[in-house]
1. I'd like to know if segment 182-202 contains one or more residues that are over 21 Å from residue 351 (Cβ atoms), over 21 Å from the mean Cα position of the chain (by Cα) and part of a loop (DSSP other than H, G, I, E, B).
2. Pick out the one residue from 342, 399 that is in a helix (DSSP H, G or I), without any contact (Cβ under 8 Å) to a residue 60 or more places away in the chain and touching a helix residue (DSSP H, G or I) at 6+ places or on another chain (Cβ under 8 Å).
3. Out of segment 27-64, which residues are modelled with pLDDT of 85 or more and not in a strand (DSSP E or B)?
4. Residues in segment 315-335: is at least one modelled with pLDDT of 85 or more, in the same structural domain as residue 170 (by TED's automatic domain parsing) and under 29 Å from residue 153 (Cβ atoms)?
5. Here's a check for you: in segment 91-113, which residue that is out of contact with any strand residue (DSSP E or B) (no Cβ under 6 Å at 6 or more places or on another chain) and closer than 30 Å to residue 271 by Cβ is modelled with the highest pLDDT?
């Protein structure tokens, strides 16, 4: 009877902690800069005109992608459009939505020779202004079918989900072994990308990418160890409650975030490409760059290696035992402090790798980039099941697919909302999450 009461109390505590994590994450997400828009005060300008035989075309939709994220804009009554961006000296891609052109009208000249007349890419020079012109006339539109777009979004969603999974697993491991909802995990993600920038950036050490990125992951693991050694371990030994620890993690998150801003500024910086940036056709209209394929391959290999470690290694088995019942694990002779220390190292390393891959996915590095995906990380952990590492992976893949595929029907600004709505619906049916149950599997 007492055992059942303890189980129910732990379940209620986990549910309350999850709700507090989601609420606080939502607050941070709403107060942080948007992940898909440049800031209004950005200093550089991209503009253009859309005309047909000298007559302006109003209401034509264009999408600008590059540093600062993706932005959507419409032409005004004079056929003009303009957006603000945070960086110069980088490439920007502008896509004109031909569906918003009059019937029988299309972009008729391929200015950059990429086979897509309505898509053009150019580098913003040091002047800080960039102009895109499209030649409009009667012609056949280059239309991509809905099925091809759907498949392309699925592939992109899988890529995003794998990256999100690396970050989510770290949160789940820490929660499973310490019952801490660590909001500073967002800054551990950011730290990985900043460490990579310092190691491989042209203005820093300029190491080769193949050497600098593994070193960045190692430094991220060291950060996890240092945070546990200086902050979390002493507080655990003093018996500080999980709610107090969670509040402390929010404060630590804010402090680290502004330390990052102090050192790298408020702009967006780019990592050197892993390989050629040209898109390679795979099947149908689906294509990926070499960097995207390398990122997906790295994520898959690391996730498989992690699953093998968690399932078969002695430390992995001890981690799962502590996640299920810390008191029983300690009574069985498991050194809980030692295992938790290793969990923090693994969590930091995985978060750092996620930060590097996210820097290539966005693309670009910002001081607040980890906070931009923090809510999705907690959503993935909650969806998969609190404290289950495998559940975090499943939840991350689902969230990643929903985020990308939903943009076919809803504006890019709202693509995160669809994933969170599905999270709410699933939790209403299965409150413990997809893989959450009394006997945890991860």
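The values are calculated or read from the model by the stated rules, or taken from the named source; none is laboratory data. The structure presented is a predicted model; accordingly, all values stated were derived computationally and were not measured. Cβ atoms come from the backbone with ideal geometry, glycine included; neighbour counts cover every protein chain shown.
1. Yes, because at least one residue in segment 182-202 is over 21 Å from residue 351 (Cβ atoms), over 21 Å from the mean Cα position of the chain (by Cα) and part of a loop (DSSP other than H, G, I, E, B).
2. 342
3. Those that are modelled with pLDDT of 85 or more and not in a strand (DSSP E or B): 50, 57, 58, 59, 60.
4. The answer is no; no qualifying residue exists.
5. That would be 110.
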